[in-house]
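These notes concern the structure reproduced below.
The values are calculated or read from the model by the stated rules, or taken from the named source; none is laboratory data. Note that the coordinates shown come from a computational prediction; the quantities given were computed from them, not determined experimentally. Every residue, glycine among them, receives a Cβ derived from its backbone with ideal geometry; neighbour counts consider all protein chains shown. Accessible surface is based on the protein model in full, side chains and every heavy atom, while ligands, DNA and RNA are left aside. Shrake-Rupley method; radii C 1.70, N 1.55, O 1.52, S 1.80 Å.
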Amino acid sequence: MTASPLRVISVGVGGRARPHLSAQVALPEKFEAVGLVDIVPEAFNDALEITGLSGSACFTTLTEAMAATPCDAVGVFTPGHLHTSYMEEAIAAGKHVIVEKPFTCSLEEAERVVAAAEANDVRVVVTQNDRLFHPYPLLREMIADQRYGELGAITMVHHNARGRPFENGYPPMHLWHQGSHQVDSLLSLVQRPPRCVWGVNATPANSNWTAEPHVCAIITFDGPVIVSYTATSDAQAYEMYVRLEFSEAAVTMHGLTMNSTDFDLKITPRQPLERYPRSELFPIGKAERGGRWADIEQEIWNGFWSHIMEGQDNPCSGRNNLDTIGVLDAIIRSSTERIAVEL
């Protein structure tokens, strides 16, 4: 084990890599950016400005970067279908890995990466930042302390008005891109093993996407807890809705938009047969979007460091993320084979 800071080579340094590079720079006692890998020359411009590295730290392959630059960890921030090959190369070289979601685009690949990491005694963490967004820790507290009784069901409806298909999108497009966040967040709330999945991936008649932007699924967990999940990335307007059904109350979260992290939490005590149930509305989340997401990225990197240096379990470790990939895989199999998939 090397002393901190951990030296990091980042692969795929445009787009989502920028906040990860910024998080490394913000934690100099724990991380040092030492190399950048990309096949698009223009991608290096912002990365060099963020890290303060020189052009000699830029490479077109991970193989070249690791040969030229000693490192302890590799960050993989490429399109999802490229994750596995980079992770396997880094793991074979004995490097720890932090990877953007989705972990992989197949369950078989995810299981193979986890097995390789454990055989090589290195750590893998998936950057599932959605579960750290501030409504979810609050909801997890309510579930854990049974504030409103026992959890029985969750409904999530998520409309993302992306406006265009995902670049390099791996089909089904919504499921692997935004769905990997949303399913992971649902699993983080329930905290029980998923057992059965019914799922449908589809392209509505009014969509021009080349791969399915819409998903519906029913996921049954131990308990049982029943999760109903409907989402799309090809909506006409952004809206998110989450409702938790407890034995003594319904807790509803709504009001999030792409431009604000403000939202309302509505608590409706159990009132059978009441036509106009009485509710309490709590405005929560007065946080500036950019600042809050920067905090979350640093939280992810702090967790990565603790997982490596202190041996702390990480809820987003590769092994822990297998349930997320397993549910995504089950939705695809259920949609393709038109059957319920047992997990």
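The table below lists the values:
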{"read-out": "Estimated distance in nm for a label pair at Ala144 and Ser306, the labels positioned 7 Å out from Cα along Cα-to-Cβ", "value": "1.1"}
{"read-out": "MRE, 222 nm, helices only [DSSP H, n ≥ 4, -39500 (n - 2.57), over the chain, to nearest 500]", "value": "-9500 deg cm²/dmol"}
{"read-out": "Whole-Hz ³J(HN,Hα) from phi, Karplus 6.51 cos²θ - 1.76 cosθ + 1.60, for the range 144-161, glycine and proline x", "value": "5, 8, 6, 4, 10, x, 7, 6, x, 7, 9, 10, 10, 10, 9, 10, 9, 8"}
{"read-out": "Highest to lowest packing among 172-184, 67-79, 205-217, scored as the average C-beta count within 10 Å", "value": "172-184, 67-79, 205-217"}
{"read-out": "Ordering of 39-45, 156-162 by burial proxy (mean other Cβ atoms within 10 Å per residue, highest first)", "value": "156-162, 39-45"}
{"read-out": "The chain: Lys pairs at Cα distance under 29 angstrom, eight or more positions apart or on different chains", "value": "4"}
{"read-out": "Solvent exposure of the range 50-200 as accessible area per residue, Å², 1.4 Å probe", "value": "38"}
{"read-out": "Long-range HN-HN contacts of Gly75 with modeled amide H, under 5 Å", "value": "Ile9, Ser10, Val11, Ile98"}
{"read-out": "Cβ-placed point charges (K, R +1; D, E -1), dipole of the range 1-152 about Cα centre in debye, nearest 20", "value": "260"}
{"read-out": "Environment charge at Ser85 (Cβ cut-off 12 Å; Lys +1, Arg +1, Asp -1, Glu -1)", "value": "-2"}
{"read-out": "Karplus (6.51, -1.76, 1.60) ³J(HN,Hα), θ = phi - 60°, over the range 53-61, in Hz, Gly and Pro reported as x", "value": "6, 9, x, 5, 8, 9, 9, 9, 9"}
{"read-out": "Cα-centre dipole for the chain with unit charges at Cβ (Lys and Arg positive, Asp and Glu negative), debye to 20", "value": "740"}
{"read-out": "Estimated FRET transfer efficiency (Asp222, Ala93; beta-carbon r; R0 41 Å; 0.05)", "value": "0.60"}
{"read-out": "With every protein chain in place, the chain: carbon and sulfur % of accessible area (1.4 Å)", "value": "51"}
